[in-house]
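The values are calculated or read from the model by the stated rules, or taken from the named source; none is laboratory data. Note that this is a predicted model, so its numbers are computed, not measured. A quick note on method: Cβ atoms are made from the backbone with ideal geometry, for glycine too, and the neighbour counts reach across all protein chains shown. These accessible areas exclude ligands, DNA and RNA; they are computed on the full protein's heavy atoms, side chains included. Shrake-Rupley method; radii C 1.70, N 1.55, O 1.52, S 1.80 Å.
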Amino acid sequence: GVPIEDYFQPNYFDWDKSHFSVEIKKVKKLLFFEKGMKALDIGCGVGKNMKSLEEAGFKVSGIEPSESFYKKALSHMAIKEDQIKLGMVEEIEYTEKFDFITFGAVFEHLYHPAKVLEQVSNWLNKDGIVHIEVPSSRDLIVKIVGIYYRLIGTNYVTHLSPMHSPFHLYEFDLDSFKLISKRLDFEI
């Protein structure tokens, strides 16, 4: 429910063709891409990844839990209403299957990330790909800032922040996903 203007600077809403292009190029190789393959952007925000995926030839859908972000996707990025669902991923249902599902800076905000990953795996085609982009719990700058906060006598943290922006509930590293992959039977 955070007003979108409070969360991002005005230039955040600018889109160009290079947005998400590195990820799209990689996933196209891994999928042996054919035009019209289906992509789902979970936590699609204002729709920038959706627009890039569509420009790249995917048939794209999205889920966004924030009404202000959802409305901005419809108005500013010209995402069509039938492409995007308003709601939390845990409450959404799809009968169709997707070739590519992406969580761009979303996974660390979920209340039950492993449960959501298990849920969306049911929406994935047999050889489909899930892309998860999260801040690393092993990031050097985060560790340095954490040490600084301790040295000046505060109990602030930079990685987990459930009560203030950016509202991170969990942190991850590669080992986190290796553990989840064993339980849910997927390859990294």
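Worth pointing out:
Yes or no, residue by residue, for (1) within 16 Å of the chain's Cα centre (by Cα); (2) of a type outside the set (S, T, N, Q); (3) over 20 Å from Glu96 (Cβ atoms); (4) open to solvent by 50 Å² or more (accessible area, probe 1.4 Å):
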residue: Ile4; (1), (2), (3), (4): no, yes, yes, no
residue: Asp16; (1), (2), (3), (4): no, yes, yes, yes
residue: Phe20; (1), (2), (3), (4): yes, yes, yes, no
residue: Lys25; (1), (2), (3), (4): no, yes, yes, yes
residue: Lys29; (1), (2), (3), (4): no, yes, yes, yes
residue: Gly36; (1), (2), (3), (4): no, yes, no, no
residue: Ala39; (1), (2), (3), (4): yes, yes, no, no
residue: Val46; (1), (2), (3), (4): yes, yes, yes, no
residue: Met50; (1), (2), (3), (4): yes, yes, no, no
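- Contacts under 7 angstrom Cβ, first residue in the range 173-188 being within 17 Å of Gly128 (Cα to Cα) and part of a loop (DSSP other than H, G, I, E, B), partner open to solvent by 70 Å² or more (accessible area, probe 1.4 Å) and at pLDDT 90 or above, 6 or more apart: Ile188/Lys178
- Picking from residues in the range 129-176 that are among the aliphatic types (A, V, I, L, M), closer than 28 Å to Pro3 by Cα and modelled with pLDDT of 80 or more, the one that is nearest to the chain's Cα centre (by Cα) is Ile132.
- Taken over the range 60-112, residues that are assigned to a loop (DSSP other than H, G, I, E, B), open to solvent by less than 30 Å² (accessible area, probe 1.4 Å) and of a type in the set (Gly, Ala, Ser) amount to 2.
- Every pair of residues 6+ apart whose Cβ atoms lie under 6 Å, when the first sits in the range 74-92 and is more than 24 Å from Pro10 (Cβ to Cβ) while the second is among the aliphatic types (A, V, I, L, M): Lys85/Ile63; Lys85/Ile92; Val89/Ile42; Val89/Ile63; Val89/Val116; Ile92/Ile63
Here's the yes/no breakdown for (1) more than 26 Å from Gly128 (Cα to Cα); (2) of a type in the set (Lys, Arg); (3) modelled with pLDDT of 95 or more:
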{"position": "Gly1", "(1), (2), (3)": "yes, no, no"}
{"position": "Glu5", "(1), (2), (3)": "yes, no, no"}
{"position": "Asn11", "(1), (2), (3)": "yes, no, no"}
{"position": "Lys17", "(1), (2), (3)": "no, yes, no"}
{"position": "Val22", "(1), (2), (3)": "no, no, yes"}
{"position": "Leu31", "(1), (2), (3)": "no, no, yes"}
{"position": "Lys51", "(1), (2), (3)": "no, yes, yes"}
{"position": "Ala56", "(1), (2), (3)": "no, no, yes"}
{"position": "Lys72", "(1), (2), (3)": "yes, yes, no"}
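- No other residue among Ser75, Ser61 is more than 19 Å from Phe167 (Cα to Cα), more than 14 Å from the chain's Cα centre (by Cα) and hydroxyl-bearing (Ser, Thr, Tyr) apart from Ser75.
- Neighbours by Cβ (under 8 Å, 6+ apart or cross-chain): first from the range 1-30, among the charged types (D, E, K, R) and assigned to a loop (DSSP other than H, G, I, E, B); second open to solvent by less than 100 Å² (accessible area, probe 1.4 Å) and at pLDDT 75 or above: Lys17/Ser52
- In summary, Tyr148 fulfils each of the numbered conditions (1) buried (at least 18 other Cβ atoms within 10 Å of the Cβ); (2) over 20 Å from Gly36 (Cβ atoms) with the single exception of condition (1).
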